[in-house]
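> Handing you a structure now.
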Amino acid sequence: MTDSTNSDSRPGRHLDFGKVAKDLIVTALIATAIFGSTIAFRTVSAAGGLRLEVRYDLAFYVIAVVVIGRLLLWLFIWSKPPGTSAVEMPVSIKSGLAKVTAKVGKGFGPTMLMFALVFPFLPFTDRYLLDLSILILTYVMLGWGLNIVVGLAGLLDLGYVAFYAIGAYSYALLAQYFGFSFWMCLPLAGILAAFWGIILGFPVLRLRGDYLAIVTLAFGEIIRIVLLNWYQFTGGPDGLSGIPRPSFFGLPFSRGEGGFSDFFGFDYSSMHRIIFMYFLILALALLTNFVTNRLRRLPIGRAWEALREDEIACRSLGLNTTSVKLTAFAIGGMFAGFAGSFFATRQGFISPESFTFIESALILAIVVLGGMGSQVGVVIASIAMIGGFEVFREAEQFRMLIFGLAMVVIMIWRPRGLISTRIPSIFLKEKKAVSADMVAQGEGH
Amino acid sequence: MTHVVDDPVLTVEHLNMRFGGLLAVDDLSFDVGRRDITALIGPNGAGKTTVFNCITGFYKPTEGRITARHEGGKTFLLERMDDFKIPKIAKVARTFQNIRLFGGMTVLENLMVGQHNTLMVASNYTFGGIFGLSGYKKAEKEAVELAKYWMDQAGLTQRADDAAGDLPYGEQRKLEIARAMCTKPKLLCLDEPAAGLNPRESEELNKLLLFIRKERDTGVLLIEHDMNVVMGISDHIIVLDYGKKIADGTPEEIRNDPSVIAAYLGVADEEVEEVEHEIEEGASS
Ligand SMILES: Nc1ncnc2c1ncn2[C@@H]1O[C@H](COP(=O)(O)OP(=O)(O)O)[C@@H](O)[C@H]1O
Ligand SMILES: [Mg+2]
C-alpha cells in the first residue's frame, strides 16, 4: 500500500527526513484505518442487547508499534544502498553458513523420518499429539500429491480436494454397499481418483494460466455439490457414518476375544488403534514420497518438469504433452484418493463439509509455502501450518488473520517458498542445486 | 527456377499459409537434400519462421504438401501429422528463433528430455522403471552416453550439471541444437541459430553444423541472416521475399542473382527505396 510512496527513496544512503516523515504519517493513517475499526471498538453482549466497548488505548499502542517499527526499518535497513544487506556478513561466514545449511538439508530428511518412526513411543506423546500428527501427516501426503501436479508439472490445480473427496467417498460407499474392507478399498479409491484426474485432465488440456486454475476450481466445487445433492446415494449433507475401521491384517482393534490386543497379549488400549493409524498414514505418505522421487528420475517425471519449463519445446522434442498432463493429474489424484480413504476410515464419518475449497487452498498453500517441487518444504510447511492452526486454536477469531499475515510475511521474505532450489534428477559429476529464479512456475501462477 | 536435389529428405510443394488477409507463404516449393546444409534466407517478415512452423506442425498450412523421406523410402506427409509426432516419427527436429530451453533443468537433463520417447519405451511406459528393472538402467546409461557425445561436440561437457538458464547465450544456442540432435533426427531445422552470437561463437556454431552434416546422416535446414555463415557453409540456398521464393540455387548462383541482390543482398532498405525512386523518376520523365 505504501510501497509506491517510498520505493524511489529506499535506495538512498542518507535519510531524507521529509520523505520519512511523510511515509510515517501515511503509515499511521493506514494503521489507524485498519486497527481503528478492528481494535478500538468491540461489541460485547450486555443485558438488553449489544453494547459497544471502546478501547482507544489498545488501538493507540498497536498503531504506535507499527509506526515505530517502520521508523526502525527506515533507520537501519532502508537507509543502506541496495545490494548491501542490513548487517554485512563476511564472505567466509557466508560460505560456511551455506555449507552448514547444505549439511543440515541433507540430514534433515532422514532425521525427520527417524523422529517420525519413534514419535508414538516417546514419553510425552499423548493422544492429542498423536491425533495432531496424524492430521499433519495427512496434509504432508496431500501436499506431496499436489506437488506432482503443481510443483513438477506446473499445472495450477485449485480443486485438488475433489480427489480427496472421491477417495473418501469411494471407500465409504464401497464399504457401505459392498462391504469391502479398507485394504481392498484403498487401491480402488486410488484408481477411481486417478480416473477422475484424467476426466478433469481432458477439459483443461488446452487451457493455460488463469483459465486452467478456474476450471480446476470449478471441478472441485462440482464434485462437492454433487456429493451434497445426490441424497439417495451419498447421504447429501448428512454425510455417511459408520464407516468401518481398518483392521490389523484381519485383527480388529476391539476389546476382547479375537482383537488386536487379545491376539498379541496386550492389555486393551484405545491408543493401539491411534498408533496404528499413525503408522498407516506415515506409510502412505512415505509411499507417496518414494514414488514421486522415483518418478522424478524416470522419463515421465522429467517430462513433467519439462512441461512446466516450456510446453512448446516439449512438443518440438516429440513429447505428447496431452499424456504428460493427464498422467500428472492422474497420479496426483491417485495419492489424494489414498489419503481420502484414510481420512474416511479415521473419521468414521464423512460429509461434503470436509471437502470445501478452503481445503484445496490450504493444501496449495502448503505446497507454495514449502517451495514448489520441494518434498522437504512440504513437510516443514505442513507442520508450520497445521501445527500453527492448533497453537492459535484459542484465538479462534484471529486465526485466519494470523495465517494470512504469516503467509504474506513469508512470501515477502521467500517469494519462492521456504525451500526454493531445485535438485536435478540426474547428474554427471556433481549434483548442484538449481536456483529458484531459473525454474519456471508453469501455468496459472 | 528450382535447384535439383537428387535425394531429398524433405520436399515442400505449393505451400501456402494465410493469416487472415496476409499470405505469409505464397506457393512455395523446394527440396532439401539428405546430407546438405540448406539455407532459407530472406528479409525480416519474409515468412521463413512460418515455413518452419508449417514443416514442424506448429501451423497447419492453408494449402500444400510437405513430405519427409527416410533412407528406406518411407515417406511422411507432415502437414497431416500432429506436431509432437513429427520429431517422434518423421524424425524432423527443430530449434526456435527465441531459444526455448528448459531453463530450470540442467544441461544433462535437457538432453535427457530430448530422448524421452526412447526412454519411455525402455521404462515400459514407467511401469518397468518404477520397479527398477535392469532394462531401463541400461537404456538410461546409453541415453547419458548419447548426451555426453553431444555435450562433447557442442563443448558443453564442463557445464553438464549447470542449469540451462545459467548458460551464456552462445552455449544456450548450442545446447538447443544438441538437444534437438538427441532426438536422432533425419532433418534438423534451425531458426536463426547464429543470431546474437559473437564471431567466435558463430565460428564454433559453423563447426558444429558442419560436423552434424559430415558425421551424422542428418540434413540441415537453416534460417540465417549472416551472409558469411550462409555463403560459408551452405550447399543450397533458397531466398524468400514477401512469402514468395525469388531464388533457389547454389551459393554461387545466389551471389550472382540480380533479383536477390536487389531484394536483399548488400542493399540496405534506404538504398532500395532510392533505387525505386530513381526508377519511378525515370519512368515519369
Ligand atoms: N501466428 C501468426 N498470426 C498472424 N500473422 C503471423 C503469424 N505468424 C507470422 N505472421 C506474419 O507472417 C509474416 C511472416 O513472419 P515470419 O515467418 O515470422 O517472418 P521471418 O521469420 O521471415 O522474419 C509476418 O508478416 C508475420 O507478422
Ligand atoms: Mg523468423
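> Applying the selection to the range A:342-353, what residues are farther than 19 Å from A:ALA285 by Cβ and modelled with pLDDT of 90 or more? Steps first, answer last, please.
To start, the set of residues in the range A:342-353 that are farther than 19 Å from A:ALA285 by Cβ comprises A:348-353.
A:PHE349, A:ILE350, A:SER351, A:PRO352, A:GLU353, listed by residue number.
> Further, regarding this structure: Kindly list the number of the only condition in (1) within 18 Å of B:ILE237 (Cα to Cα); (2) modelled with pLDDT of 90 or more; (3) away from ligand 1 (no atom under 16 Å from the Cβ) that fails for B:ARG35.
In the conditions (1) within 18 Å of B:ILE237 (Cα to Cα); (2) modelled with pLDDT of 90 or more; (3) away from ligand 1 (no atom under 16 Å from the Cβ), B:ARG35 misses (2) alone.
For every residue, the table says whether it meets (1) of a type in the set (D, E, K, R); (2) modelled with pLDDT under 80.
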{"residue": "A:GLU396", "(1), (2)": "yes, yes"}
{"residue": "A:LEU405", "(1), (2)": "no, no"}
{"residue": "A:VAL409", "(1), (2)": "no, no"}
{"residue": "A:ARG414", "(1), (2)": "yes, yes"}
{"residue": "A:ARG422", "(1), (2)": "yes, no"}
{"residue": "A:LYS429", "(1), (2)": "yes, no"}
{"residue": "A:ASP437", "(1), (2)": "yes, yes"}
{"residue": "A:GLN441", "(1), (2)": "no, yes"}
{"residue": "A:GLY444", "(1), (2)": "no, yes"}
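> Could you give every pair whose Cβ atoms fall below 8 Å, whose first residue belongs to the range A:296-315 and is facing chain B (nearest Cβ under 7 Å), and whose second residue is among the charged types (D, E, K, R), counting only separations of at least 6 or pairs across chains?
Once the first residue is facing chain B (nearest Cβ under 7 Å) and sits in the range A:296-315, its partners that are among the charged types (D, E, K, R) give A:ARG302/A:ARG296; A:ARG302/B:GLU109; A:GLU305/A:ARG296; A:GLU305/B:GLU109; A:ASP310/B:ARG100; A:ILE312/B:ARG100; A:ALA313/B:ARG100; A:ARG315/B:ASP83.
> Among the residues in the range B:144-160, are any buried (at least 16 other Cβ atoms within 10 Å of the Cβ), in contact with a strand residue (DSSP E or B) (Cβ under 9 Å, 6 or more places away or on another chain) and not assigned by TED's automatic domain parsing to the domain that holds B:LEU10?
Scanning the range B:144-160 turns up at least one residue that is buried (at least 16 other Cβ atoms within 10 Å of the Cβ), in contact with a strand residue (DSSP E or B) (Cβ under 9 Å, 6 or more places away or on another chain) and not assigned by TED's automatic domain parsing to the domain that holds B:LEU10.
> Scan the range B:84-100 for residues that are in contact (Cβ under 8 Å) with a residue 60 or more places away in the chain, within 7 Å of chain A (Cβ to nearest Cβ) and part of a loop (DSSP other than H, G, I, E, B) and jot them down.
B:ARG100
> Which of the residues belonging to the range B:33-46 are surrounded by fewer than 24 Cβ atoms within 10 Å (Cβ to Cβ) and more than 10 Å from ligand 2 (Cβ to nearest atom)?
B:GLY33, B:ARG34, B:ARG35, B:ASP36, B:PRO43
> Which condition breaks for B:LEU28 when tested against (1) away from ligand 2 (no atom under 16 Å from the Cβ); (2) over 24 Å from B:ASN98 (Cα atoms)?
(1) is the only condition that B:LEU28 fails.
> Consider A:GLY348 carefully, then state whether it is crowded, with 24+ Cβ neighbours inside 10 Å, out of contact with any Leu (no Cβ under 7 Å at 6 or more places or on another chain), more than 12 Å from chain B (Cβ to nearest Cβ) and not basic (Lys, Arg).
So A:GLY348 fails the test.
> Wholly within the range A:2-80, which helices (runs of 4 or more DSSP H) include no fewer than the required count, namely at least 2 residues that are of a type in the set (A, V, I, L, M), surrounded by 14 or more Cβ atoms within 10 Å (Cβ to Cβ) and at pLDDT 85 or above?
Ranges flagged: A:17-38, A:56-76.
> Would you please list the contacts, defined by Cβ atoms under 9 Å and residues six or more apart or on different chains, that run from a residue in the range B:71-83 that is surrounded by fewer than 20 Cβ atoms within 10 Å (Cβ to Cβ) to a residue that is of a type in the set (Asp, Glu)?
B:GLU71/B:ASP7; B:GLU71/B:ASP217
> Has the range B:9-23 got any residue that is within 16 Å of ligand 2 (Cβ to nearest atom), surrounded by 15 or more Cβ atoms within 10 Å (Cβ to Cβ) and part of a loop (DSSP other than H, G, I, E, B)?
No, the range B:9-23 has no match at all.
The values are calculated or read from the model by the stated rules, or taken from the named source; none is laboratory data. It should be emphasised that the depicted structure is a prediction, and the values quoted were computed from it without experimental measurement. Because the Cβ atoms are built from the backbone with ideal geometry, glycine has one as well, and the counts that use them run over all protein chains shown.
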